[in-house]
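Since the structure comes first, as structure tokens, the remarks are kept for the end.
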Amino acid sequence: MDIKNHFLATGIGSLPFTDLEKALDFVLDNFSAHIPFWPQLPRKSFLESMHVQFSQGFPGVKIDLSRKNVYIDTQGNSFMEEFEECYDALNNKRQDFFSVSPDYAAGLDGFLKNIKNKNSNFIKGQVIGPISYGMTLLDEKKRPLIFNKELSEIIPQFLGLKAKWQIKEFKKAAKSGIVMFIDEPYLVAIGTNQFAGLDGTKISSQLNSVINEIHQENALAGIHCCGNTDWSIILGTDIDILSFDAFGFMDNLLIYKDSLDKFIKRGGVLAFGIVPNRQDYNLEGYAQSALKIIKNEPWLLKNGAIITPSCGCGTLSEDLAKRIHLLTIEIADKLAALQKR
């Protein structure tokens, strides 16, 4: 299903609920006419932290729930056996190996059980991106995995198949268009010393590896980055949707006008993170201001738009997270009404 020419709202993923049913009810009751998404619940369990949530099955993974710590032990007795099993699963695309269990994603499990009754045109999933995964997860010597040659090579396909498993499960649950966001907060470090040895070509290749797995299932692929970065690298990938913090970095994105123009001309859609996920911001009356910010660049709306919070809301209060998400729906509905005039 083509998402172009729609004006819809969705969430980035994380919500502050600890009660699963409350989280699911909030998403499904309010977003079914837009793009419902499965809620990540990091306050419910450390296993639902973004970098931990998709670590299930990765070779050498060690999780200490009491200390809220995760790392990859490449020197452990079982590492080579786990590596070979994972490598075999990657080569043979053993989809069951890449499943995400309810312990790691209660919101995903509950979403799959409830979305079939909602008749939404689109539904959204999310997976951590290979760059952020490789930079966040460390080995036993506290080195980012992205600088481990063997492991960095399997990360993109590993995460791509995690995304693919989600999509296949979505297809069982609902006849909806599927949007899969690749969450890449670490892309803000492009050009810094942290990324020494990682050039744009390698970054694009890793991202496109995940995107390709998503496209193989006829789903739409988006990249979400909640800070400033070299947007030309991201816009030059094969994504269908760019999700960005429009509240904080709209002007920075517009510096890359040529890359943006090419992206839009090939059918790309922007997901405007225009509602700030901040406690110190007065959200009342913000909808009109947000609409003005977006409408100042009407060419960006050529293919429609998605409206989201500026980033995840897992650290906020439940009431504030609700207000932020409901405001995305209000803005998307107003944009849709304006386009019909």
Crossing angle, helix 79-92 versus the chain [Cα axis fit, 0-90 degrees, rounded to tens]: 50 degrees
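Go through Lys113/Lys168; Lys118/Lys334; Lys44/Lys171 and tell me which ones have a Cα-Cα distance over 18 Å in this structure.
Lys118/Lys334; Lys44/Lys171
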Show that you can apply the helix-only estimate: for the chain, add -39,500 (n - 2.57) for every DSSP H stretch of four or more residues, divide by all residues, and state [θ] at 222 nm to the nearest 500. -13000 deg cm²/dmol
Bin width 10 Å, origin at 0, all Cα-Cα pairs of the stretch 209-330: what percent of pairs per bin? 13, 44, 31, 12, 0
Zone of Thr192 (label point 7 Å along Cα→Cβ, backbone N under 16 Å): which residues in the stretch 217-243? 225-231
If one compares the long axis through the Cα atoms of helix 200-216 with the longest principal axis of the Cα atoms of the chain, the angle in degrees, nearest 10, works out at 80 degrees
Per-bin percent of Cα-Cα distances, the stretch 203-265 [5 Å]: 3, 18, 29, 25, 15, 7, 2
Based on the mean of other Cβ atoms within 10 Å per residue, sort peptides 164-176, 298-310 so the most packed one is first. 298-310, 164-176
Work out how much length Gln339 to Glu82 would gain on full extension: take 0.36 nm times their residue separation and subtract the Cα-Cα distance, in nm to one decimal. 87.2 nm
Give the cysteines in the chain for which no other Cys Cβ lies under 4.7 Å away, or write none if there are none. Cys86, Cys225, Cys313
Based on the mean of other Cβ atoms within 10 Å per residue, sort peptides 4-10, 212-218 so the most packed one is first. 4-10, 212-218
Running Debye on the stretch 264-333 with equal point scatterers at the Cα sites and no solvent, what base-10 log of I(q)/I(0) appears at q = 0.22 Å⁻¹? -0.92
Between Glu297 and Val61, how high is the FRET efficiency from 1/(1 + (r/R0)^6) when r is the Cβ-Cβ distance and R₀ = 41 Å? Nearest 0.05. 0.40
Compute the long axis of helix 286-295 from its Cα atoms, compare it with the longest principal axis of the Cα atoms of the chain, and write down the angle in degrees, 0 to 90, nearest 10. 90 degrees
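Throughout, read-outs are computed from the coordinates displayed, never taken from laboratory work. The model shown is predicted, which means the values in this text are computed figures rather than measured ones. Reconstructed Cβ throughout: ideal geometry from the backbone, glycine too, with neighbour counts over all protein chains shown.
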